[in-house]
Amino acid sequence: MYIPKYFKVTNFDEIREFVQMNSFGTLITTKKGKPIATHLPLQLMKEEDAYYITGHMAYGNPQWRTFETCGDVLVTFQGPHAYISSSWYEQENVPTWNYQAVHVYGTVYILEEEELKQDLTRLLQKYEKHRDNPILWDKLSPSLLERELKGIVGFKIKVGEIQAAYKLSQNRNEKDYANIIEQLQNEKNPDSKHLAELMQKRLKNQL
């Protein structure tokens, strides 16, 4: 991923938090040179001294059959994004787009059944534990689980490289930066408002 120096993020804790908050990612592999992508809920896990991206896909999805032959895979995670009008600047310039994105490269492995069960247990815990009537692994009937497990393939990706870009107008002067926040707050798009909050938080952290 091309990342100008203003927008490069290297703090791993910050990147890990971003992935956890924007965990519906895109898994990209290749088959005979042709890219294949699937959009999936994913988890970032630590095992011993290594980090892994884990997830699962339908058995009928042919992408998992590329795992052994495609070499490194790519997983992308995207946060809020929004159009930035150059009318918000003091000086004449061109419009742009603000965004947050993380790319993770690594080697992928198929999960054994017990590993898959553990991963699904963690996934349900993450998204269900705060609900009034949480649907957790141990609440589901064995017959249902056995049937559903036959229909999916679990995987884990050993993280080899992480690239992160937060393009949040860091290259603008203070007056432009403040005006961009104000203008984004006035937009109807929820992503624009979210970006304004992120930019405001960044500004406070620098004070």
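Things worth noting here:
- Applying the condition of being assigned to a loop (DSSP other than H, G, I, E, B) and modelled with pLDDT of 95 or more to the range 12-37 and asking which residue is surrounded by the fewest Cβ atoms within 10 Å (Cβ to Cβ) yields 22.
- Selection count, the range 38-62, where residues are at pLDDT 95 or above, within 14 Å of the chain's Cα centre (by Cα) and not aromatic (Phe, Trp, Tyr): 10
- Single residue of the range 87-98 satisfying the filter (touching a residue at least 60 places away in the same chain (Cβ under 8 Å) and assigned to a loop (DSSP other than H, G, I, E, B)) that is farthest from the chain's Cα centre (by Cα): 90
- The range 152-200, residues that are of a type in the set (D, E, K, R), under 30 Å from residue 27 (Cα atoms) and crowded, with 18+ Cβ neighbours inside 10 Å: 156, 167
- A single member of 111, 149, 203 is over 18 Å from the mean Cα position of the chain (by Cα), over 27 Å from residue 47 (Cα atoms) and either crowded, with 19+ Cβ neighbours inside 10 Å or not acidic (Asp, Glu) (or both), and it is 203.
- Selection status of residue 109, within 30 Å of residue 32 (Cα to Cα), of a type in the set (Phe, Trp, Tyr) and touching a residue at least 40 places away in the same chain (Cβ under 8 Å): yes
- Residue within the range 50-59 that is of a type in the set (Phe, Trp, Tyr), in a loop (DSSP other than H, G, I, E, B) and under 24 Å from residue 114 (Cα atoms) present: yes
- Residue in the range 67-86 that is at pLDDT 95 or above, assigned to a helix (DSSP H, G or I), over 27 Å from residue 197 (Cα atoms) and in contact with a Leu (Cβ under 9 Å, 6 or more places away or on another chain) present: no
The values are calculated or read from the model by the stated rules, or taken from the named source; none is laboratory data. Computed from a predicted structure; not experimentally measured. FYI the Cβ positions are ideal-geometry reconstructions off the backbone, even for glycines, and counts take in every protein chain you see.
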